[in-house]
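Heads up, the thing below is written out as structure tokens.
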Amino acid sequence: MKEKLEQIRSLALKYMDDISNLKELDDLRIKFLGKKGELTKVLRDMGKLSPEERPVMGKLANNIRSEIEEEINSTKEQMQTKLKERKLKEEKIDITISSKSQNIGHRHPLLSTIKELEDLFISMGFTIVNGPEIETVENNFEALNFPSNHPSRDLSDTFYVNDDLLLRTHTSPVQIRAMKEMGAPLRMISAGRTFRFDDVDDTHSPMFHQLEGLVVDENITMANLIHTLDIFIKELFGEDMKTRYRPHHFPFTEPSAEVDVSCIACHGEGCPACNYIGWSMELLGCGMVHPNVLENCGIDSEKYTGFAFGMGVDRIAMVKYGIDNIRLLFENDNRFLEQF
Ligand SMILES: [Zn+2]
């Protein structure tokens, strides 16, 4: 029996040298020390031994068991340390390697322009109101005092969805919605997409952007309109900018005017950009709200008056950033957009 026990010890230690992972180590423990292991098998024959031999063999067996157990434990520790070291090595971060830079982008020049315009008007006490891009014919034309034979109502100028709905041709229907919902007094602006049946060229696009403003209150006059727009233009383009008002016609305002602004490039001196006249033409349209429009929205035109103005945001962005082709704003070419 002694020989058998010694044999188990040497076998176990010999196998230990070939162990390469924790699973093999565990298998080895079960094979030699487990309930059905080699050592247990030998100890079953204890009964055949003489009473004198039994304690001696028992002691030997216990020694061999602890020896193998100790060996297994120390091998296990070594393996775990090695594993840990390898893991640390693999996960080591080299902070000297430069990181991949992510281009997170920025606002489109058109949106920047809208935000800048909105901020200006908010600072002047205006509220931002939004409206749908698909509008009723009623809000887009009728309530705005367009006669039924007005040329812009023509099928060739307007995208109709059906007899009652269309893609709004201007942001003015938002004024109608605001007056109907909020009544007077009112001070609002609205910016957004508008649609007209235009062929694409350097300055035209079937989809373009407008910003409109409306003030309705008691005792509002043309003087309030001119003062407000003058402040706005000076804030946007500079203190030395001048405005001039040319009579015009819009169905929804009376009187109406188109506003010219000092040439942005030369500030009025005269340059090739303005054909040496010193003015940027037709930057804004404006006027006193037609009494019919107020009445259409349930506002007493005897008590209240108002002024309204509108501008093409695309045109302002083009003037502001020196862009000579409106297509560039909508083509989303990164080489162009990265410049802003
Ligand atoms: Zn000029």
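The values are calculated or read from the model by the stated rules, or taken from the named source; none is laboratory data. All figures in this text were calculated on a predicted structure; none of them were measured in a lab. Note: ideal-geometry Cβ built from the backbone for every residue, glycine included; neighbour counts use all protein chains shown. Heavy atoms of the whole protein, side chains included, go into the accessibility calculation; ligands, DNA and RNA do not. Shrake-Rupley method; radii C 1.70, N 1.55, O 1.52, S 1.80 Å.
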**Q.** Residues of region 252-274 satisfying the condition of being within 8 Å of the ligand (Cβ to nearest atom) and either in a loop (DSSP other than H, G, I, E, B) or surrounded by fewer than 17 Cβ atoms within 10 Å (Cβ to Cβ) (or both)
**A.** CYS263, ILE264, ALA265, CYS266, HIS267, GLY268, GLU269, GLY270, CYS271, PRO272, ALA273
Q) For region 318-333, which residues satisfy the criterion of being of a type outside the set (S, T, N, Q) and either under 11 Å from ASP202 (Cα atoms) or in a helix (DSSP H, G or I) (or both)? A) MET318, VAL319, LYS320, TYR321, ILE323, ASP324, ILE326, ARG327, LEU328, LEU329, PHE330
Q | Check on VAL319, of a type in the set (Val, Ile, Thr), closer than 19 Å to PHE141 by Cβ and either surrounded by 18 or more Cβ atoms within 10 Å (Cβ to Cβ) or in contact with a Pro (Cβ under 7 Å, 6 or more places away or on another chain) (or both) | A | no
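Each row is one residue, and each column tells you yes or no for (1) modelled with pLDDT of 95 or more; (2) over 31 Å from the mean Cα position of the chain (by Cα); (3) closer than 20 Å to SER112 by Cα.
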{"site": "GLY192", "(1), (2), (3)": "yes, no, yes"}
{"site": "THR203", "(1), (2), (3)": "no, no, yes"}
{"site": "MET207", "(1), (2), (3)": "no, no, yes"}
{"site": "PRO247", "(1), (2), (3)": "yes, yes, no"}
{"site": "GLY270", "(1), (2), (3)": "no, yes, no"}
(Q) Out of everything in region 275-287 that is more than 7 Å from the ligand (Cβ to nearest atom), small (Gly, Ala, Ser) and modelled with pLDDT of 85 or more, what residue ends up being least open to solvent (accessible area, probe 1.4 Å)? (A) GLY287
(Q) Please list, ordered by residue number, the strands (runs of 3 or more DSSP E) wholly in region 95-207 having 3 or more residues that are touching a Leu at 6+ places or on another chain (Cβ under 8 Å) and closer than 19 Å to VAL313 by Cα. (A) 186-195
Q.
Testing ARG315 on (1) part of a strand (DSSP E or B); (2) under 26 Å from PRO109 (Cβ atoms), one condition comes back false. Which one is that?
A. (1)
Q.
Just to be sure before I move on: is ASP314 in contact with a strand residue (DSSP E or B) (Cβ under 6 Å, 6 or more places away or on another chain), within 16 Å of the ligand (Cβ to nearest atom) and under 19 Å from GLY213 (Cβ atoms) in the structure I sent?
A. no
Q.
Going residue by residue through region 288-302, is there one that turns out to be open to solvent by 10 Å² or more (accessible area, probe 1.4 Å), more than 19 Å from PRO173 (Cα to Cα) and within 16 Å of the ligand (Cβ to nearest atom)?
A. no
Q) When residues of region 219-245 are filtered for being open to solvent by less than 70 Å² (accessible area, probe 1.4 Å) and assigned to a strand (DSSP E or B), how many remain? A) 2
